[in-house]
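Structure first, then comments.
Every number here is computed from the coordinates shown, using simple stated rules; none is lab data. Only a predicted model underlies this, so the values are computations on that prediction, with no experimental measurement involved. Every residue, glycine as well, gets a Cβ built from its backbone with ideal geometry; the counts of neighbours run over all protein chains shown.
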Amino acid sequence: MPQYFLTVPHGSEEEPTMESMQDIDPAELQAMMDAVGAFNSGLEQAGAFVSAGGLQPPSTAVTVDATGDVPVRVPGPFVTAAEYVGGFWIIDVPDQEQALGWAEQASAALGSRIEVRALQEAPE
């Protein structure tokens, strides 16, 4: 079965973290957390859940380049962009249509857009 990468985009002008989410109205935050928990439970019950997580903001990134004689570590993301991936799910479903259905549920739970991309499969 193909796997799909569902990503949660964030604007680069803000870098939300679990700590900054404490500034959200507690009832709204709890409702969102409950909705995401129900979404995750639905994925697990359907046997579609592979992995999920939230990412720290780009300002915490370090880009590593070991393609030359000496590895180089550069603080920051590899590219400056207007948006970045703030979180993700990897799901295992039969086809893109089912992945899009799960993405619609994730979007509703988070109140955010969700990008859907298939992971590459090994050639046969």
Qualifying position, being aromatic (Phe, Trp, Tyr) and more than 21 Å from Ser112 (Cα to Cα), among Phe78, Phe49, Phe88: Phe78
Residues that are out of contact with any Gly (no Cβ under 8 Å at 6 or more places or on another chain), among the aliphatic types (A, V, I, L, M) and assigned to a loop (DSSP other than H, G, I, E, B), drawn from the stretch 66-124: Ala66, Val70, Val79, Ala81, Val93, Ile114, Leu119, Ala122
